[in-house]
Each structure stands twice: as structure tokens, then as C-alpha cells.
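I have placed the structure first, in the form of C-alpha cells, so that the comments after it can refer back to it.
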């Protein structure tokens, strides 16, 4: 299965053990898609606006992040399709919120990590 090499020669079975515990290719692809989705600063700001506010409509999100309602609507479609946000209708408005606690944790941990990197240097 794993090729033998000098690096793991002093730890027999280590490469096979890690290979057996590794996430599969499909899960890795799904995670890569999520990280690509989060690679846009406007979408990240939208998510943090929802983290702070709880719920917001497209008009309010656009005002908070200082972008167009069209751009927010496009971002919300992508985020909703990825299961990152959910929505509900209130009259003529669509109200958005983060999908669940996992998304909130991901945002909080990511912000902490970036702050930590800024303090290392």
C-alpha cells in the first residue's frame, strides 16, 4: 500500500496508519468546495454580519457590508446551496441566518486562528 522510504523507517506502520485514518477523496472535495466558497471576502463579511445579527434581510446585509443587493443575493444563493445559511420568508422579504451551530463554530474558530496568526509575528 504505502511505499517504503527513509522518513518512516524508524516508525513501522505509521504511514499505513495515517493513510487508513485519512478522510476520503469525496469528503476532501466537499471541504475544498466549502473553503473556496469562504474564499470571497464579501461572503465572509456577510457570514460575520449574520453571526452578529442573528437574522438579516438582503437589503440590510447589503447596507452592513456596503455592497449591492444583487451581489448579496448571488452570495446568499451560493451560501444557501452549500448549506451554510438558511432562509425564511417574511412578507415580501427573505430573511437569512446561519444554518446551524457548526457554521457559527467554524466562523468563531477561523476568526480566532487569524487573530492568533497576527499575534505571532
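Compute the length gained on full extension between residue 109 and residue 42: take 0.36 nm times their separation in residues and subtract their Cα-Cα distance, giving the result in nm to one decimal.
Details: separation 67, 0.36 × 67 = 24.12 nm, distance 1.85 nm.
Extra length available between residue 109 and residue 42 comes to 22.3 nm.
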I'd like the orientation of helix 101-120 relative to the chain: the angle between its Cα long axis and the longest Cα principal axis, in ° from 0 to 90, rounded to 10. 70 degrees
When all alpha-carbon pairs of the range 38-121 are counted, what percent fall beyond 18 Å? 40 percent
Highest GNM mean-square fluctuation among 69, 26, 52, for the chain with Cα springs under 10 Å, belongs to 26
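Quick one, what does Rg over Rh come out to for the range 1-89 if you take C-alpha atoms and the Kirkwood Rh?
Expressed as Rg/Rh, it is 1.28.
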So how much slack lies between residue 23 and residue 90, counting 0.36 nm per residue of separation and subtracting their Cα-Cα distance, in nm? 20.1 nm
Comparing 75, 32, 49 in a Gaussian network model of the chain (Cα, 10 Å), the one with the largest mean-square fluctuation is 32
Simple spin-label model, 7 Å along Cα-to-Cβ: residue 66 to residue 81 in nm? 2.9 nm
How many angstrom lie between the C-alpha centres of the range 9-46 and the range 80-121? 19 Å
For the chain, take the longest principal axis of its alpha carbons; what is the angle in degrees between that and the long axis of helix 41-53, to the nearest 10 within 0 to 90? 70 degrees
Output the 0 to 90 degree angle, nearest 10, between the alpha-carbon long axis of helix 25-37 and the longest principal axis computed from the alpha carbons of the chain. 40 degrees
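Relative contact order for the range 14-120: what percent, with Cα pairs under 8 Å and sequence separation of 6 or more?
22 percent
Readers should treat all values here as calculations from the given coordinates under stated rules, not as data from a laboratory. Everything numeric here is computed off the predicted structure, so don't read it as measured data. When we count neighbours, we look across all protein chains shown, and the Cβ atoms used for this are built from the backbone with ideal geometry, even at glycine.
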